[in-house]
Amino acid sequence: MKILLIYPYFPDTFWSFKHALKFILKKASSPPLGLLTVAAMLPSEWEKRLVDMNVSSLDDEDLRWADMVLISAMAVQKESVGKIITRCKSVGVKIVAGGPLFTTEYEEFRDVDYLVLNEAEVTLPLFLEDLKNDCPKHIYTSDQWADLRKTPLPLWKLINMKHYATLNIQYSRGCPFNCEFCDITLLCGRVPRTKDKDQIIRELESIYSYGFRSGVFFVDDNFIGNKRKLKDEILPAIAEWMEMRKYPFSFITQASIELSDNEELMKLMVKAGFDTVFVGIETPNEQSLAECNKFQNKNRDLLASVKKIQKSGLEVQAGFIVGFDNDPLNIFDTQIKFIQNSGIVTAMVGLLNALPRTQLYQRLKKEKRLLKDTSGDNTDFSINFIPKMNYDILISGYKKILNTVYSPKHYYERVKTFLREYIPPKKKMFRFNMNYFCALFKSMLILGIIGKERFHYWRLFFWTMFRHPKLFPMAITFSIYGFHFRKVFEKYIQSH
């Protein structure tokens, strides 16, 4: 059996980092971990190829080679998925599809031959058994949660690691919280399930053995869902391995805000090599937090919590949302003030959207306020329901936030705020390879000479070089990020 695994095109969005990747000569931010893991679950005797459409084109020759095509995707890749399905049908190749997009919107994909939904560890073996017996069904679902201790190592040999800025790894699935707008508990449940420390070390060793030396993203939706296991087993094991291997990686992950309440956990994360954490702040407005069940963010000084995480040695990236029913008219100024004061450089501000099957979706459907499907990109000015706030005021206010926080003046001010207060980890490793050398000189040309941010770029350049020289690589990285963010938002703002 010849299997072609296809990862659809990821459009130019906030998280694509497409404009930033050009500075370091990379084609994509990270590889399709889900498909690589699924590939390892397929029979070993099958021939397998993977086409990541973000790093290479999908040729008809690839489709004609395959006996079967496997596709996995997120909502934001929906347009690309439609084109892939059409092409598969034109050459008569069978399609198997799974992953978040198909699990939540499977009714829309009638041309897919086999829908293997929910978690592949549970449903894929059922499909493979039926396929072996020549009786595969159209759809496979399950309400059972997978045991991650049985999840195999990703089949890294199917990709060229040099194309990617970071690689990814998964330690846990599930989140103990129940935010109304989020589909994580729908897809992965509320009880965090984890891998064992030996598995994690094997996965790190596997990446290391392929020669990769850069950032590794722990893709867990809430890395600290099981704090005790992290403290007692996982982080000490990672720290020991990192020391033995002379710190080949730096780690990024996602966590909830109560990480700031646990100094021991933050210290252990930093010791293990973590330097960045994404946190869902959403909004400083207490009524809106209550509305969306974001109770872990309520009744706390969110700004102080962010500063505490940053001072531990972890850069905070964060998500913010406007469009809640309880948002007051001054929410736009409040969000701007919070973002600027926090020093959160990578601040993704989006419009609230109702993802399929979420609690928010069900509530708005009952209130007859749903308008259309979500695009999967909450920064593209689309909103798929009737907001309580006047629509024109909401869009105008959203534009104001973006025009402010990503203007060169405010963005570079925020970078300096962060760098002044940030205490870098003592063991933070920076390897100055040719890609970073290239990025530095490209930034000097594109940002320092051609770009409209050139005045702010050079001020940061020399301020960091003379006052915080250890943070100079970080300052250049942030400058390049800012270029990407402005490119993305300028495109959206001009079209609205």
Open item on the list: I'm trying to understand the selection: among the residues of segment 390-411, which are in a loop (DSSP other than H, G, I, E, B) and under 14 Å from Y492 (Cα atoms)?
Closed with: Y406
Task: Odd one out for P387, checked against (1) closer than 26 Å to G451 by Cβ; (2) in contact with a helix residue (DSSP H, G or I) (Cβ under 6 Å, 6 or more places away or on another chain); (3) part of a loop (DSSP other than H, G, I, E, B) - done: (1)
Task: Odd one out for I159 among (1) within 30 Å of N297 (Cβ to Cβ); (2) within 20 Å of the chain's Cα centre (by Cα) - done: (1)
Open item on the list: Let me confirm something: among V345, V415, which residue is in a helix (DSSP H, G or I) and buried (at least 16 other Cβ atoms within 10 Å of the Cβ)?
Closed with: V415
- [ ] Of the numbered conditions (1) over 25 Å from the mean Cα position of the chain (by Cα); (2) closer than 30 Å to K271 by Cα; (3) surrounded by fewer than 21 Cβ atoms within 10 Å (Cβ to Cβ); (4) without any contact (Cβ under 8 Å) to a residue 60 or more places away in the chain, P473 fails exactly one; give the number of that condition.
- [x] (1)
Open item on the list: For segment 118-151, give me each residue that is acidic (D, E) and in contact with a Ser or Thr (Cβ under 7 Å, 6 or more places away or on another chain).
Closed with: E121
TODO: Return the pairs, sorted by first residue and then second, in which the second residue is surrounded by fewer than 18 Cβ atoms within 10 Å (Cβ to Cβ) and basic (K, R), the first residue lies in segment 435-460 and is closer than 14 Å to H410 by Cα, the beta carbons are less than 8 Å apart, and the residues are 6+ apart or on different chains.
DONE: H456/K409
Task: Residue list for segment 292-331, filter: more than 14 Å from G280 (Cα to Cα) and either in contact with a Phe, Trp or Tyr (Cβ under 7 Å, 6 or more places away or on another chain) or of a type in the set (A, V, I, L, M) (or both) - done: A304, Q310, L314, L329, I331
Open item on the list: Looking at (1) closer than 25 Å to E105 by Cα; (2) touching an Asp or Glu at 6+ places or on another chain (Cβ under 6 Å); (3) not aromatic (F, W, Y), which one does R357 not meet, given that it meets all the others?
Closed with: (2)
Task: Verdict on L445 being surrounded by fewer than 18 Cβ atoms within 10 Å (Cβ to Cβ) and either over 27 Å from the mean Cα position of the chain (by Cα) or not polar (S, T, N, Q) (or both) - done: yes
TODO: Among the candidates F14, F102, single out the residue that is within 25 Å of the chain's Cα centre (by Cα) and without any contact (Cβ under 8 Å) to a residue 60 or more places away in the chain.
DONE: F102
Task: Checking K400 against (1) surrounded by 20 or more Cβ atoms within 10 Å (Cβ to Cβ); (2) under 30 Å from L360 (Cβ atoms), the condition it does not meet - done: (1)
Open item on the list: Return the residues of segment 292-315 that are buried (at least 20 other Cβ atoms within 10 Å of the Cβ) and either without any contact (Cβ under 8 Å) to a residue 40 or more places away in the chain or over 26 Å from M474 (Cα atoms) (or both); say none if nothing qualifies.
Closed with: C292, K294, N297
Open item on the list: Residue under question is I423, and the condition is that it be under 18 Å from P473 (Cβ atoms), among the β-branched types (V, I, T) and exposed (fewer than 12 other Cβ atoms within 10 Å of the Cβ); does it hold?
Closed with: yes
Open item on the list: For A165, only one of the following conditions fails: (1) among the aliphatic types (A, V, I, L, M); (2) closer than 30 Å to V279 by Cβ; (3) out of contact with any Leu (no Cβ under 8 Å at 6 or more places or on another chain). What is its number?
Closed with: (3)
- [ ] For Q310, work out the one condition from (1) part of a loop (DSSP other than H, G, I, E, B); (2) in contact with an Asp or Glu (Cβ under 7 Å, 6 or more places away or on another chain); (3) at negative phi; (4) not acidic (D, E) it doesn't fulfil.
- [x] (1)
Task: Matching residues, segment 358-382, being in a loop (DSSP other than H, G, I, E, B), at pLDDT 95 or above and under 20 Å from P100 (Cα atoms) - done: T358
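The values are calculated or read from the model by the stated rules, or taken from the named source; none is laboratory data. As the structure is a prediction and not an experimental result, all values here were calculated from the model. In this analysis, Cβ positions are derived from the backbone assuming ideal geometry, glycine residues included, and neighbour counts consider all displayed protein chains.
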